[in-house]
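For reference, the structure discussed in these notes is given below.
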Amino acid sequence: MNQPKVLLLSLAIATGLSACAKKDEATATADAAKPAEAATLTLDESKLPGVNRFQLSDLDTTKDACTDFGGYVNGKWLAANTVPGDRTSWGAFEMLDERSQAVQRQLAEQAAAMKDAKGVEKIVGDFWATGMDAAKINSQGITPIKGDLDAIAALDSQDKVAEYLRSTAAKGQNVLFGFGPEADFKDPKNNIAYAMQGGLGLPDKGYYFDADKKEKLAAYEAHVAKVLELSGVAAADAAKQAKDVIAFETRLAKVSKSSEELSRDTELYYNPVSPADADKLTPNFAWTKFFESQGVAVPKMFSLAIPAFHQEVSKMLAEVPAAQWQSYLRFHTVDGASPYLADAFAEEHFNFYNKALRGQKEMKERGKRVLDTIEGEAGEALGQMYVKVAFSPESKARMEQLVKNLSEALKARIENLAWMGDETKKKAMEKWASFTPKIGYPDKWRPWDGLATGRDSYIGNVLAANEFNYKWMMGKIGKPVDRTEWGMPPQMVNAYYNPLQNEIVFPAAILQPPFFDPNADDAVNYGGIGAVIGHEMTHGYDDQGSRFDATGKFENWWSPDDAKGFSGRTDKLVAQFSGYEAQPGKNVNGKLTLGENIADLGGLATAYDAMKKAAEGQPDPKIDGLTRDQRFFLNWGTVWRRNFTPEELTVRLTTDPHAPANFRAIGAPSNLPAFAAAFSCKPGQPMVREGDKQVVIW
């Protein structure tokens, strides 16, 4: 039931989870700088799944690290670890997610069993108890959203449709476009409103036009018809209305930007206009009236991103018959609610979005689905409970030292860049000096006062949280940015960089093997979490992050010659990854994945420098017969062990700004002479890129 995402500027590393989206966060009074005492929460670690760490037995010594590094490090593991039936990918990230969810489940069960629970425990407990009550959910059927469907059935004019769009948006149920706060690109200390494209049920505009995706479009049309039928529409009418929905979305797709365009041109998000001028662009959808209906003072300016999309919506309000609007809105209302309704709805939702589209064989068991809902609707509430039992001060202290070491290594790399002029380098160093790291969990927690949950209805709790979160977001518009906020909850296995705040963020859940292992040698940790830290720092200097200055302002700080030199180097990285064949006849999109590939290359190189500096003057321990340098690169490879269903990989090649994991394992190290030296590779071998083929950026 979440509204379409407005901005995706966090540029998080790939996980395959819902983690790449920036979550709704807020802050509370400052005495929450540390987790509260865990008097009522306990953790039975014997019930947690194991972790996936680098081990010597995983290596396939029949393969040569210089010709098939991925197979050498991960071949045996990948062959023995197929994708579980309830997943579409399986690797280091997913294994940690399973562990995190096992912790969350214990906490949710305890919260649900508490008598007179208050605060975050009550919220989490109510979600868990109602979400696990399958009998009640099934008995309620579609009744919880019948009022919405009746309202849609009464939409018989353009004005009524526009009013409905405003009223549902005010409850956090905007199915047509993204709308929310973000820092002003030109004044990043203050939040403004952004309106973004949305409205599509398929992952990318290409699904409506590309010849190789016709089968998925047909499956989507069948899904639309089935959902409408489940909602009470006669089968023949549902089939006709489904065609109307596809035609409606195809019209939106024609004026939408692709995943590649959105990923590689940050400027598309920023189109500042006055509400009065916006009203002229969209005469059938008044933005002044929209702001008022959302409880937001009409601002002097907001960003009407992708204006052609909003102009088309305005035209459609005048040209599309009310009946077709009803079909579109009825479908998306039911479809968005389906995961929280009776089994027939939840199963149909799974059958298309998970099974047909992404190749997932089995629906997740109910408990995992409920935890996903809690993370989406009240993630930081659960996060407050999570860090009470699952994150140690020692881990935070070690991470702080690693961040410091990586920062110094990055500084040295920038200072020694031969291809960058002094003036640009000065600006790059100013940006380096202003990096803000966040580790583990927020210093201040989001307040949840005012969110009323109960034990009567699962979807009732979802809708209540949706509206609560949306109103909280609306309260940010026109206000100063709170830099203590986090874009991910602590229990999420991921990390991110936010260019508008020039901050790098590492939630607690990622600080486990193979990324971070307190019992491992430094080489392993530098090849894991060290490279992740370097990756996030390098995002500040990737093809999009480099368009923001030290203060987070969207501003060009490059000399023309340096910009040209940078582009020439990144073009070589585009060519490298575009040459990788991911599926028969389908290569990686080097342009779509450029930012992440820059971050991988810079992050791994910086982490290697930091490791060498930390080990200066110390003899190489040569553990298990492996040198320090070998163990560094081997753990980097371990991080990127990951299997995908073929269908999931197909979706990712179109939509994911991260290259498939097997290419991330080999892409960056093949450009580093240190890798070739570590494994005694010879010129001409696949893992040795030389001359014009070698990519050196940061």
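Within region 412-429, being assigned to a loop (DSSP other than H, G, I, E, B), in contact with a helix residue (DSSP H, G or I) (Cβ under 7 Å, 6 or more places away or on another chain) and either surrounded by 15 or more Cβ atoms within 10 Å (Cβ to Cβ) or not small (Gly, Ala, Ser) (or both) holds for Leu417, Trp419, Met420. Looking across region 519-552, the residues that are at negative phi, assigned to a loop (DSSP other than H, G, I, E, B) and among the small types (Gly, Ala, Ser) come down to Ala520, Ala550. Taking the conditions exactly as written (farther than 20 Å from Asn416 by Cβ and touching a residue at least 24 places away in the same chain (Cβ under 8 Å)), does Ala582 satisfy them or not? Yes.
Inspection of region 489-498 identifies at least one residue that is β-branched (Val, Ile, Thr), under 27 Å from Gly180 (Cα atoms), touching a strand residue (DSSP E or B) at 6+ places or on another chain (Cβ under 8 Å) and surrounded by 24 or more Cβ atoms within 10 Å (Cβ to Cβ). Listed by position, the helices (runs of 4 or more DSSP H) enclosed by region 235-333 that each have at least 2 residues that are over 15 Å from Leu165 (Cα atoms) are 235-254, 259-264, 275-281, 307-319. Select from region 655-697 the residues that are of a type in the set (S, T, N, Q) and surrounded by fewer than 21 Cβ atoms within 10 Å (Cβ to Cβ) and write down the one among them that is farthest from the chain's Cα centre (by Cα). Checked region 655-697; the qualifying residue farthest from the chain's Cα centre (by Cα) is Ser680. I'm checking my understanding of the structure. Among residues of region 93-129 that are in contact with an Asp or Glu (Cβ under 9 Å, 6 or more places away or on another chain) and aromatic (Phe, Trp, Tyr), which one is nearest to Asp456 (Cα to Cα)? This residue is Phe127. Can you spot a residue in region 199-215 that is of a type in the set (Phe, Trp, Tyr) and touching a strand residue (DSSP E or B) at 6+ places or on another chain (Cβ under 6 Å)? Checked region 199-215: no residue is of a type in the set (Phe, Trp, Tyr) and touching a strand residue (DSSP E or B) at 6+ places or on another chain (Cβ under 6 Å). Restricting the search to region 594-624, which residues are surrounded by fewer than 15 Cβ atoms within 10 Å (Cβ to Cβ) and in contact (Cβ under 8 Å) with a residue 60 or more places away in the chain? If the condition is that a residue be surrounded by fewer than 15 Cβ atoms within 10 Å (Cβ to Cβ) and in contact (Cβ under 8 Å) with a residue 60 or more places away in the chain, then Lys613, Pro621, Asp624 are the ones that fit.
For Ala409, the conditions (1) crowded, with 21+ Cβ neighbours inside 10 Å; (2) within 25 Å of the chain's Cα centre (by Cα) are fulfilled apart from (2).
What about Glu394, is it part of a helix (DSSP H, G or I) and at pLDDT below 95? Reasoning before the result, please.
Working: part of a helix (DSSP H, G or I): yes; at pLDDT below 95: yes.
Here the answer is yes, as Glu394 does meet what is asked.
Here are some residues: Glu267, Glu260, Glu292. Which one is crowded, with 18+ Cβ neighbours inside 10 Å, under 31 Å from the mean Cα position of the chain (by Cα), assigned by TED's automatic domain parsing to the domain that holds Phe179 and modelled with pLDDT of 95 or more? Steps first, answer last, please.
Values: Glu267 fails: crowded, with 18+ Cβ neighbours inside 10 Å; Glu292 fails: crowded, with 18+ Cβ neighbours inside 10 Å.
Just one listed residue meets the conditions, Glu260.
Take Asp86 and tell me if it is surrounded by fewer than 17 Cβ atoms within 10 Å (Cβ to Cβ), touching a residue at least 40 places away in the same chain (Cβ under 8 Å) and under 23 Å from the mean Cα position of the chain (by Cα). So Asp86 passes the test. For region 472-499, a tally of residues being over 28 Å from Lys388 (Cα atoms) and either among the polar types (S, T, N, Q) or touching a residue at least 40 places away in the same chain (Cβ under 8 Å) (or both) returns 7. All conditions but one from (1) under 30 Å from Pro272 (Cα atoms); (2) surrounded by fewer than 19 Cβ atoms within 10 Å (Cβ to Cβ); (3) not aromatic (Phe, Trp, Tyr) apply to Leu329; the one that does not is (2).
This table checks each residue for (1) touching a Pro at 6+ places or on another chain (Cβ under 7 Å); (2) assigned by TED's automatic domain parsing to the domain that holds Thr654; (3) crowded, with 18+ Cβ neighbours inside 10 Å; (4) assigned to a loop (DSSP other than H, G, I, E, B).
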{"site": "Trp557", "(1), (2), (3), (4)": "no, yes, yes, yes"}
{"site": "Phe566", "(1), (2), (3), (4)": "no, yes, yes, no"}
{"site": "Asp571", "(1), (2), (3), (4)": "no, yes, no, no"}
{"site": "Val574", "(1), (2), (3), (4)": "no, yes, yes, no"}
{"site": "Leu592", "(1), (2), (3), (4)": "yes, yes, yes, yes"}
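Taken across region 164-174, residues that are among the charged types (D, E, K, R) and farther than 18 Å from Glu467 by Cα do not occur at all.
The values are calculated or read from the model by the stated rules, or taken from the named source; none is laboratory data. As the structure is a prediction and not an experimental result, all values here were calculated from the model. Note that each Cβ is placed from the backbone with ideal geometry, even for glycine, and that neighbours are counted across all protein chains shown.
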